[in-house]
Amino acid sequence: MRTSIATVSLSGSLTEKLTAASRAGFDGVEIFENDLLASPLTPEEIRARCADLGLTIDLYQPMRDIEAVPADEFARNLRRARHKFELMRRLGADTVLVCSSVHPRAVDDDALASQQLGQLAALAEDFGIRIAYEALAWGRHVNTYDHAWRIVEAADHPALGTCLDSFHILSRTADPKDLEGIADIPGEKIFFLQLADAPLLAMDVLQWSRHYRCFPGQGGFDVAGLVRHVLHTGYDGPLSLEVFNDVFRQAEACPTAVDALRSLLVLQEEVGRTTPPAPVVPTGVAFAELVTPDAGPVSAVLGALGFTRTARHRSKPVDLWQQGEARILVNTQGSARRDGTGLAAIGLESPDPTGAAHRAEALLAPVLPRRRAPEDATLDAVAAPDGTELFFCATDRPELPNWRADFTDTRKAEQGTGHAERSTAVAEQGTRARGVTRIDHLALVQPWHHFDEATLFHHSVLGLHPQESVDVADPYGLMRSRAVTNADGSVRIALSVGAAPTDDTVHAQHIALATDDVVAAARRFRESGGRLLPIPANYYDDLAARYEFADGELETYRELGILYDRDAQGEFRHCYTVTVGRVFFELVQRDGYRGYGARNAPVRLAAQHIAQ
Ligand SMILES: O=C(O)c1ccc(O)c(O)c1
Ligand SMILES: [Mg+2]
């Protein structure tokens, strides 16, 4: 289907918006009146620019407060409309959106509304223009799609149809049955379809619409369900995004436009109009890769955590540290993109790495060039919205390229053959002694303007399932956090974001390591010279009030800085290392517990500010 986007959804000047829409691959645009009024380009120049960019102008909008008004008012409205129709002729736009009136003089009279909209349509027809009448959710007398349609139907004019806007409809629809009335509208009378999602918020609908709309798949509405109803009518116009969003208004237009188009690609897949390569859900974490200018500090932490440096990349300055199933790469090649130690890449175990990359590419994920020596394994990788590189891995599967084969066992290289098994044995012995079994989750702090995009990306590109979004108080701002996981929890990525650009030495990425005995792991870490994040005594006084612990248990937690939480499924004990550069480690003991200790996060963040 044709794809379109309203200029109001993107930041910048009209020219920048058009360029971004075109680069992302949209077929057309809705020109929002304010963008045109503020543009130095003439309507003819805008028309030419769109043509050059390969964009059609699918809609001009909005015209407001037209219908159901006294005759003198309506005469003025027609005069105003004539001006706009002349403008649209110069622009080469043939459909205009008229939204239901919020005017104080508008009366609750459907017959009058029909008659006046019919007159407007007759005038529009002379200009070759069609009127698409939309019910604003806060319209004074007309605020539901079926009401708007009854008025259009009664007017019975060929140049008058309706515009369906998913926000206005779904923000007022408690019951999916309320959508069944869409089937009563002939497809050819639906002149336009605007799509937006939104988080489920209990607030004034106008404010909700003007500030919180987001792209389909980023909020809580069943946009695909609505689109199915609309397609069933035979509607064959564009799928057009109309998103008023405070963040997108500020973010760079080009990435937003790509995010927007991705949402429509996924939507079309959901409604069965396209079949991109199927998602290949990752089945585990092959590795996490840290990039650092100096391997010293991070190696010391890994060593104290019980990791063993088992192998080195044969052509790059990258070490593999291992403990149990947890593998961490330490790369000192340096990253020009950011300074300090940071989490730069994640290896995801994939049942079909090439299929996963094809899916990612079809959904507009930036496929990364393979920077590799000729003899290295070919690895498919894409960049997540925050720049984290995601590698699709097939560890130790003989029929597929194996990233592990690019690494030479360190001891083998140093001491000759025969020691490889011994070094693995050392790593395993470390596992038993220190207790890290695997990577439990990876926590990625998102740039403030990429959070909704990141959720949609991880869901649609990787097939990970988004969990509830939670708010976490930080002493200097509020963080929002949302985990995405696979079905069995073997891949968990916690995405979080601050309300504004944040200090990323505190809001750092982290690697959470699973252990069966966090007390033993924490103790040994400390005995090996590691530094745990100190947690204030008040926290433990509160724990004592909330839960009953066995004798001495709480004292142990207090001594080590272990935090505690509980959910319906089980208990959670966790603690944190101090931060190295922009990354820290967490030791987690998850006894059935499904969450991430969100309740403890404010205490942890405050402690990190103090430690910093
Ligand atoms: O918020 C508004 O006024 C507004 C204007 C035009 C639209 O198409 C819409 O959905 C909302
Ligand atoms: Mg609309």
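The values are calculated or read from the model by the stated rules, or taken from the named source; none is laboratory data. Note that the structure is a prediction, hence the values are computed from the model and not measured. Every residue, glycine as well, gets a Cβ built from its backbone with ideal geometry; the counts of neighbours run over all protein chains shown. The accessibility values were calculated without ligands, DNA or RNA, using every heavy atom of the protein model including side chains. Shrake-Rupley method; radii C 1.70, N 1.55, O 1.52, S 1.80 Å.
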| field | His507, sole failed condition from (1) at negative phi; (2) modelled with pLDDT of 95 or more | value | (2)
| request: Please tell me if Phe287 is under 30 Å from Ile439 (Cα atoms) and either modelled with pLDDT of 95 or more or touching a His at 6+ places or on another chain (Cβ under 8 Å) (or both). | output: yes
| said: Pairs needed: first member in region 193-205, within 23 Å of Thr256 (Cα to Cα) and assigned by TED's automatic domain parsing to the domain that holds Thr233; second member anywhere, away from ligand 2 (no atom under 16 Å from the Cβ) and among the polar types (S, T, N, Q); C-beta distance under 6 Å; at least 6 residues apart or different chains. | reply: Asp197/Gln218
| field | Criterion: within 16 Å of ligand 2 (Cβ to nearest atom) and touching a residue at least 24 places away in the same chain (Cβ under 8 Å) - qualifying residue of Gly118, Gly128, Gly139 | value | Gly139
| field | Unmet requirement for Gly234, which otherwise passes all of (1) surrounded by 18 or more Cβ atoms within 10 Å (Cβ to Cβ); (2) under 30 Å from Ser171 (Cα atoms) | value | (1)
| Filter result for the condition that a residue is of a type in the set (Asp, Glu) and within 15 Å of ligand 2 (Cβ to nearest atom), over Glu16, Glu67, Glu33 | Glu33
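From the set of residues in region 573-593 that are over 26 Å from Glu289 (Cα atoms) and within 28 Å of the chain's Cα centre (by Cα), which is least open to solvent (accessible area, probe 1.4 Å)?
Checked region 573-593; the qualifying residue least open to solvent (accessible area, probe 1.4 Å) is Tyr593.
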| query | Could you list, in sequence order, the residues of region 596-612 that are in a loop (DSSP other than H, G, I, E, B) and either over 21 Å from Ala545 (Cβ atoms) or open to solvent by 20 Å² or more (accessible area, probe 1.4 Å) (or both)? | reply | Tyr596, Gln612
| query | If you scan region 527-543, which residues turn out to be closer than 12 Å to Leu560 by Cβ and either of a type outside the set (A, V, I, L, M, F, W, C) or part of a helix (DSSP H, G or I) (or both)? | reply | Glu527, Gly530, Arg531, Pro534, Tyr540
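Have a look at Glu188, Glu134 and point out the one that is of a type outside the set (A, V, I, L, M), touching a Cys at 6+ places or on another chain (Cβ under 6 Å) and assigned by TED's automatic domain parsing to the domain that holds Glu30.
Glu134
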| request: Report yes if some residue within region 60-83 is acidic (Asp, Glu), touching a residue at least 12 places away in the same chain (Cβ under 8 Å), closer than 30 Å to Ile151 by Cα and within 13 Å of ligand 1 (Cβ to nearest atom); otherwise report no. | output: yes
| remark: For region 524-554 the number of residues that are open to solvent by less than 90 Å² (accessible area, probe 1.4 Å) and farther than 20 Å from Gln612 by Cα is 15
| If you check Val258 against the conditions, is it more than 25 Å from Thr485 (Cα to Cα) and β-branched (Val, Ile, Thr)? | no
